[in-house]
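Values in this text are rule-based calculations from the coordinates and carry no lab data. Fair warning: this is a prediction, and the values are worked out from it, not measured in the lab. Cβ placement follows ideal geometry from the backbone for every residue including glycine, while neighbour counts extend to all protein chains displayed.
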Amino acid sequence: MWTITSEDVTRAKEKIKERRSEIEASYAEALKSLDADLAEIDSMERFAGDFAGKYAHEETAAAEENEPPFEEGETSGSEGGHGSRWRLHFGGNREAPNLPPR
């Protein structure tokens, strides 16, 4: 037969409280790490959008001047898999998001 004293109950409660504190600390640390990762991605996304907004118009204008007109059935180099491997996708919109004017 078991004999459970109020000390046993108090000790069990304290162990559970300690374990809860450890879990909460670990959870807070994991959240902080995830928030830092999200901030890094947001920063990269803003940089890429700013870069695209700043240089895309110049690059597009220069490319249009140097390219012959498309013949029926042709595709541009970017659609054919040629060109830069770096792409920033803005959903179904092929233009950069609304950026402030330069």
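Among THR3, THR10, sorting on how many other beta-carbon atoms sit within 10 Å of each Cβ, with the fewest leading, yields THR3, THR10. Working ranking of peptides 11-21, 45-55 by packing, defined as the average number of other Cβ atoms within 10 Å per residue, highest first, is 45-55, 11-21.
FRET efficiency for the pair LEU38 and VAL9, taken as 1/(1 + (r/R0)^6) with r the Cβ-Cβ distance and R0 = 41 Å, rounds to 0.45.
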